[in-house]
1. Can you work out the Karplus-derived ³J(HN,Hα) for every residue in the stretch 266-271? Use 6.51 cos²θ - 1.76 cosθ + 1.60 with θ = phi - 60°, whole Hz, and x for glycine or proline.
2. Once you charge only the Cβ atoms, +1 for Lys and Arg and -1 for Asp and Glu, what is the size of the charge dipole of the stretch 83-177 about its Cα centre, to the nearest 20 debye?
3. Kindly write out, for the stretch 192-205 in residue order, the coupling ³J(HN,Hα) from the Karplus curve 6.51 cos²θ - 1.76 cosθ + 1.60 (θ = phi - 60°), rounded to whole Hz, with x marking Gly and Pro.
4. Could you tell me which residue out of 379, 426, 351 lies farthest along the dipole of the stretch 302-439 toward its positive end? Charges go on the beta carbon: Lys and Arg +1, Asp and Glu -1, centred on the Cα centre.
5. Which label belongs to the value computed from this structure, given these candidates for volume of the Cα convex hull per residue in Å³: (1) 144; (2) 216; (3) 236?
6. Can you tell me which lysines have their Cα less than 22 Å from the Cα of residue 72? Leave out same-chain residues fewer than eight positions away.
7. Using DSSP to define loop residues, name the chymotrypsin sites (Phe, Trp or Tyr not before Pro) in the stretch 387-418 whose beta-carbon has at most 11 other beta-carbon atoms within 10 Å.
8. Going by average Cβ density within 10 Å per residue, which order do the peptides 168-176, 56-64 take, highest to lowest?
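The values are calculated or read from the model by the stated rules, or taken from the named source; none is laboratory data. Everything quoted here is computed from the prediction, not taken from an experiment. In this analysis, Cβ positions are derived from the backbone assuming ideal geometry, glycine residues included, and neighbour counts consider all displayed protein chains. The area values use the complete protein model at the heavy-atom level, side chains included, leaving out ligands, DNA and RNA. Shrake-Rupley method; radii C 1.70, N 1.55, O 1.52, S 1.80 Å.
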Amino acid sequence: MTIYSSNNPDDSEKAKKSSYIGLPSLDVSVAFPQATPASIFPPCASDYYQFDDLLTPEEQALRMKVRECMEKEIAPIMTEYWEKAEFPFHVVPKLAALHLAGGTIKGYGCPGFSITASAITTAEVSRVDASCSTFILVHSSLAMLTIALCGSEAQKQKYLPSLAQLNTIACWALTEPDYGSDASSLKTTATKVEGGWILEGQKRWIGNSTFADVLIIFARNTTTNQINGYIVKKDAPGLTATKIQNKIGLRIVQNGDIQFKKVFVPDEDRLPGVNSFQDTNKVLAVSRVMVAWQPIGISMGAYDMCHRYLKERKQFGAPLAAFQINQQKLVEMLGNIQAMTLVGWRLCKLYEKGKMTPGHASLAKAWITLKARETLALGRELLGGNGILADFLVAKAFCDLEPIYTYEGTYDINTLVAGREITGIASFKPAALNRRSRL
């Protein structure tokens, strides 16, 4: 491109521009016809050890129902909305028709799934799009479950039926700007006043918060100094929620900053079952199982994409699948998925038998996300240049996995939870620093 000097900036700008600048991009199927993009989703090829045989007929049917919907309704639009970092509100009725919201909750219009069935649906949604999975998880396994486990009967009757139909959307707000892993130290306050409570403070990274109708908020009771839970309705005076920009992962998820400036919550919207931070654990026990299944699904989708791509793409006169090193990487991906799936399945069975401990859930979440990172890295290598395009899924999945590696307990925090359980020694806080070296 030649740069011209001119006294008139407009003349200079016109002179240096090519006639084709500003033309729309080629459709990826035209630009790269040798391989099929993820908008036409590949068939599932990752169940090498026939894990499906471990499921009940009802669970198998549910899995196929979710898979069909995700491939048909979400796959064609996900790259566009991921690129724009916008939420596709028009697909909410399609997701609602799956009747997944409420997961394991029984009654109130909720499906009452087993934990295994709920985990399978999480993986199937994540296989196509992790953002849709996170949207459902926040709404269902965090917000709705908190109402179901910690709410009054009146609160369950009031809120859960509409949430189960996705007629209203919920978010769940624990994390704050100053308190992430150390969430029990949160400083958003709830002060008792006549007829209710006044909330003051700030939350950060809250999924669904910019459009949620119902917000589940955790705040410190200024009288008892304990953590309490509250149901806040959208547009309450003094409440604002603004979108966090510039994320590289889960871009469809609308994470927000929430501010509370003298927000009044009536007494009937205080959650009676949340009287300390420990009360959040019964919710997190379920949600951490679900989060452990997200990277399983993400890895399944990436493998399926690579499996098809290697057979379609040709170099040196042969499909990429014919080269030994590519077969090796593909098998490594497949082996990881078999191991991840079986750990996730065993975690569900421990939960259903009442034997799952916090350490079990934390080890599964930490290890599965670690192996998923390795799996996605192999997939990125297999796709070469297309490994950085969201159109071929793996790059998008690679980025979407990063927030999941961190939320619901970072890898490090989850290893410490398991470490405390197996050693009996808590090591979350560093030892007091001595002024003088021991050396």
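1. Running phi through 6.51 cos²θ - 1.76 cosθ + 1.60 with θ = phi - 60° gives x, 3, 5, 9, 7, 7 Hz.
2. Dipole size: approximately 280 debye.
3. 6, 9, 4, x, x, 9, 10, 9, 9, x, 8, 10, 9, 6
4. Of the listed residues, the answer is 426.
5. Among (1) 144; (2) 216; (3) 236, the one derived from this structure is (3).
6. Cα-Cα hits under 22 Å: 84, 94, 396.
7. none
8. Details: 168-176: 24.4, 56-64: 14.1.
Sorting 168-176, 56-64 by mean packing, highest first, produces 168-176, 56-64.
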